[in-house]
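Q: Before anything else, here's the structure in question.
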Amino acid sequence: SGESGAGKTESTKLLLQHIMNLCKGNSQLEQQILQVNPLLEAFGNAQTVMNDNSSRFGKYIQLRFHKNTVQGAKLSEYLLEKSRVVQQDTGERNFHIFYYMFAGLSSEEKEVYGLLDPSLYRYISGRFGTQDVAERWKHKYQEVCNALDMVGFQEQEQVDMQAILAGVLSLGNVTFEPEERDGSVKVSEASRGWLKAAAVNVLSQFGCSVPYSAWSSSVSCCCSLCADARDSIAKVAYGRVFGWIVCKINELLAENVNPEVELREIGILDIFGFENFAVNRFEQLCINLANEQLQHFFNHHIFQLEQAAYKEEELPWETITFNNNEPILNLLLAKPLGLLSLLDEQSAFPQATDKTFVDKLNSSFKGNLHFQPGRGCVLGFSIIHYAGKVQYTAGGFLEKNRDTLPAKIRGLFINSVTPLLSVLFTGKSLCYDRASQMNQGLPWQELSHSLMVLMERMYSANPHFVRCIKPNSQKEPGVVDSQVVLLQLRYNGLLETIRIRRDGFSWRPLFEEFAER
C-alpha cells in the first residue's frame, strides 16, 4: 500500500520476480506469470499528474504452490477506471495501449484498423509524445505483443482486440446535431465517416443493417444524452475487453494438478493508492474508499490484535492509541444512510440530479466531523479521510453510478462483425460469460461486493504489509522531501507501529523453536 506513485506496482513486479527465481520449477509457467504484468499495465495503467505509470485498477495475484514449486496462478481485478477511456484531465493520458498501438503498428496495419493521425482523436485529446517517447512506446507495443504470445492469446484474438480499440477511438469522434424536420437528433454530417469506422470495428454494419437515423433516434432525443450513450458504449466495450483479458490469463495460468493435492498460496495485493487531485470525481471516492478499508485492516491487525496479545500474556503494557478510521467507513458505508447508500437511492430516481444528491448529503451529514458541505460555486462536498481532506466534485456522480447502456445498443454488440466483441456479449464460454456479467450492477455495488470478498480473503490470511513511501511530489529520482515523507508516516500509522514494535516483542519464536535453541 501507499499513495499514488509511491512504488506499489514496481515493488509487486520485483516481489514476483524474486518468488519465481526462488521456485526454479516449471520455467514456462513462471515466465508466463511474469509476462502478465506488462500486459496488464498496457491495458490498465495510464499517466496521471501524480504518476507516469499509475495503476487505474486494483489487482490481487494468487500464486499456488506444491512442495515449493509454483503450480498455477489466479488474478482478480478491481474497479477498472473505465471513465478514463472517454475523458482525461489536464496533464493526464488515456490507457497506455492506445498510444502503444499508434507507435507500434505499421502503416499497413493502421490502414486495416482504420487508424489515422493520433492528433485527430478526441478520446486521446490529440496529445501524442515526442519522437523519443514514440520510440519508447513502439518498444512497449512489441513487449505487449510478446506478452500476448507468451501467455497464449491466438493471433485472431489479438487482431479482434485491436480492432475493438480502434473502433472505440473512432466512436469518440462521432458528434450529434438536431434534425431540422422533426426536432429529433441525428449523427452530424461531419462525423459520418467516424461512425462508419466505428461500425466496422465495434458495432455492426450500419450501412446495410441499422440505418444511422434509427440508431440516433433510439439512443435518445437530445444531443447530450446521445453523447452520454456514445461514451457508455466506449466504456463498456473497453471494460469487457479488459475483463476478457483477465479471464484468458486465468484460464491459461490455472493449475493442472490432482484436486486432492493440497496447494499452499501466496497472495499479492497491488491496489490503487490514495488520491487527492485538483479535481476529484466519483473514481477518486471509490479509490479512497478502498484505501480506507485497507487502512482499517492494517489498524486492526497491527494495533488491536497486537495489543490484545500483550494483554492476554499479562505483560505490563500501556495502551497505544491510534487514528481509528471506523467513523469514516461508517460515513461512507452505513446502511441505509451512508453516503454510498444515498448515492444508490438517488441513482434509482429518474428525476434525481447531482444537485439533489448533494442536498441530501448536506442534510444527512450535518454536524458529522468527517463531512463538510461544498463551498463556492462548484457543486461538491469534502470528506476528511485518514490521509487528509479531499474535496470531491459531484458533477457526474449519478451518471457514473448508473453507468447505463441503452438496451438497443446491446443488440448491436451481439451482432458485431468483430467475432470477439460478439462473444463478449453472448457468453459462449465460461470466460466470455464472466466478462459479459461484469458491471451488470451499479458500479458502486460492484466495488462494494469486490471489496467485501477481498477483505474476507485478507482477514483469513497471515498478512505481511509492504508500505511504499513516496519520496517527493515532483516525480524526481534521488530527491527526498522530509515533510512529504513525514506526512505519509503519520497518516499511515507507521510512527505508532514503530512504537508498538519498539516497546513490545518483535521476535516471537514458537515454543518448540525456543526449547530447541
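The values are calculated or read from the model by the stated rules, or taken from the named source; none is laboratory data. Quantities reported herein were computed from a predicted structural model and do not represent experimental measurements. All Cβ positions, even for glycine, are placed from backbone atoms using ideal geometry, and neighbour counts span all protein chains on display. Side chains included, ligands, DNA and RNA excluded: accessible areas come from the protein's heavy atoms. Shrake-Rupley method; radii C 1.70, N 1.55, O 1.52, S 1.80 Å.
Q: Select from region 6-34 the residues that are open to solvent by less than 30 Å² (accessible area, probe 1.4 Å) and outside any helix (DSSP H, G or I) and write down the one among them that is nearest to Val151 (Cα to Cα). Break it down into steps so the answer makes sense when it comes.
A: Filtering region 6-34 for residues open to solvent by less than 30 Å² (accessible area, probe 1.4 Å) gives 6-9, 12, 16, 19-20, 23, 29-30, 32-33.
From what is left, the residues that are outside any helix (DSSP H, G or I) are 6-7.
Numbers: Ala6: 28, Gly7: 25 Å.
By that ranking, first place goes to Gly7.
Q: Report yes if Val257 is at pLDDT below 85, within 27 Å of Thr12 (Cβ to Cβ) and in contact with a Leu (Cβ under 9 Å, 6 or more places away or on another chain), otherwise no. Before the answer, list the steps.
A: Working: at pLDDT below 85: yes; within 27 Å of Thr12 (Cβ to Cβ): yes; in contact with a Leu (Cβ under 9 Å, 6 or more places away or on another chain): yes.
Yes; evaluated as a whole, the condition is true for this residue.
Q: Can you name every residue in region 439-498 that is of a type in the set (S, T, N, Q) and either in contact with a helix residue (DSSP H, G or I) (Cβ under 7 Å, 6 or more places away or on another chain) or touching a residue at least 60 places away in the same chain (Cβ under 8 Å) (or both)? Let's see the steps before the verdict.
A: The first filter runs over region 439-498 and keeps only residues of a type in the set (S, T, N, Q), leaving 439-440, 445, 448, 450, 460, 462, 472-474, 482-483, 488, 492, 497.
Correct list: Asn439, Gln445, Ser448, Ser450, Asn472, Ser473, Gln488, Asn492, Thr497.
Q: Still on this structure: Does any residue of region 151-159 turn out to be on the phi > 0 side of the Ramachandran plot and surrounded by 13 or more Cβ atoms within 10 Å (Cβ to Cβ)?
A: So far as region 151-159 goes, yes, one or more of its residues are on the phi > 0 side of the Ramachandran plot and surrounded by 13 or more Cβ atoms within 10 Å (Cβ to Cβ).
Q: Oh, and also: If we scan region 357-379, do we find a residue that is open to solvent by less than 10 Å² (accessible area, probe 1.4 Å), touching an Asp or Glu at 6+ places or on another chain (Cβ under 8 Å) and in a helix (DSSP H, G or I)?
A: The answer is no; no qualifying residue exists.
Q: Which ones in region 90-130 are at pLDDT below 90 and closer than 19 Å to Ala234 by Cβ?
A: Those that are at pLDDT below 90 and closer than 19 Å to Ala234 by Cβ: Ser125, Gly126, Arg127.
Q: Quick check: anything in region 63-71 open to solvent by 10 Å² or more (accessible area, probe 1.4 Å), under 30 Å from His296 (Cβ atoms), charged (D, E, K, R) and in contact (Cβ under 8 Å) with a residue 60 or more places away in the chain?
A: Yes - at least one qualifying residue is present in region 63-71.
Q: I'd like the residue in region 308-329 that is assigned to a loop (DSSP other than H, G, I, E, B) and open to solvent by less than 30 Å² (accessible area, probe 1.4 Å) and, out of all such residues, is modelled with the highest pLDDT.
A: Selected residue: Asn325.
Q: Now a separate question. Pick out the one residue from Leu337, Leu342, Leu333 that is open to solvent by less than 30 Å² (accessible area, probe 1.4 Å) and of a type in the set (A, V, I, L, M, F, W, C).
A: Criteria check complete, one pass: Leu342.
Q: Here's a follow-up. Within region 499-517, which residues are within 37 Å of the chain's Cα centre (by Cα), without any contact (Cβ under 8 Å) to a residue 40 or more places away in the chain and surrounded by 10 or more Cβ atoms within 10 Å (Cβ to Cβ)?
A: Arg501
Q: I've got another one for you. Suppose the filter is in a helix (DSSP H, G or I), in contact (Cβ under 8 Å) with a residue 24 or more places away in the chain and either open to solvent by less than 20 Å² (accessible area, probe 1.4 Å) or closer than 17 Å to Trp244 by Cα (or both); does Leu75 pass it?
A: Here the answer is no, as Leu75 does not meet what is asked.
Q: Considering only region 343-359, state which residues are more than 15 Å from Pro443 (Cβ to Cβ) and either within 23 Å of the chain's Cα centre (by Cα) or small (Gly, Ala, Ser) (or both).
A: Ala352 - this is the single residue of region 343-359 that is more than 15 Å from Pro443 (Cβ to Cβ) and either within 23 Å of the chain's Cα centre (by Cα) or small (Gly, Ala, Ser) (or both).
Q: Could you grab me the full set of residues in region 429-468 that are assigned to a loop (DSSP other than H, G, I, E, B), open to solvent by less than 30 Å² (accessible area, probe 1.4 Å) and modelled with pLDDT under 65?
A: Once the filter is applied, which keeps residues that are assigned to a loop (DSSP other than H, G, I, E, B), open to solvent by less than 30 Å² (accessible area, probe 1.4 Å) and modelled with pLDDT under 65, region 429-468 yields only Met438.
Q: While we're on this one: Restricting attention to region 79-90, does a residue exist that is acidic (Asp, Glu), in a helix (DSSP H, G or I) and open to solvent by less than 40 Å² (accessible area, probe 1.4 Å)? Explain how you work it out, then say what you get.
A: Taking region 79-90 and keeping what is acidic (Asp, Glu), we get 81, 89.
This time we only want the ones that are in a helix (DSSP H, G or I), so: none.
There is no residue in region 79-90 that is acidic (Asp, Glu), in a helix (DSSP H, G or I) and open to solvent by less than 40 Å² (accessible area, probe 1.4 Å).
Q: A further question follows. Under 6 Å between Cβ atoms, which residue pairs at least 6 apart in sequence (or on different chains) link something in region 374-394 that is farther than 18 Å from Glu326 by Cβ and modelled with pLDDT under 95 with a partner that is open to solvent by 80 Å² or more (accessible area, probe 1.4 Å) and of a type in the set (A, V, I, L, M)?
A: none
Q: Considering each of Leu340, Leu398, Leu332, Leu305 in turn, give the residue that is at pLDDT below 95, closer than 21 Å to Gly273 by Cα and part of a helix (DSSP H, G or I).
A: Sole residue among the options that is at pLDDT below 95, closer than 21 Å to Gly273 by Cα and part of a helix (DSSP H, G or I): Leu340.
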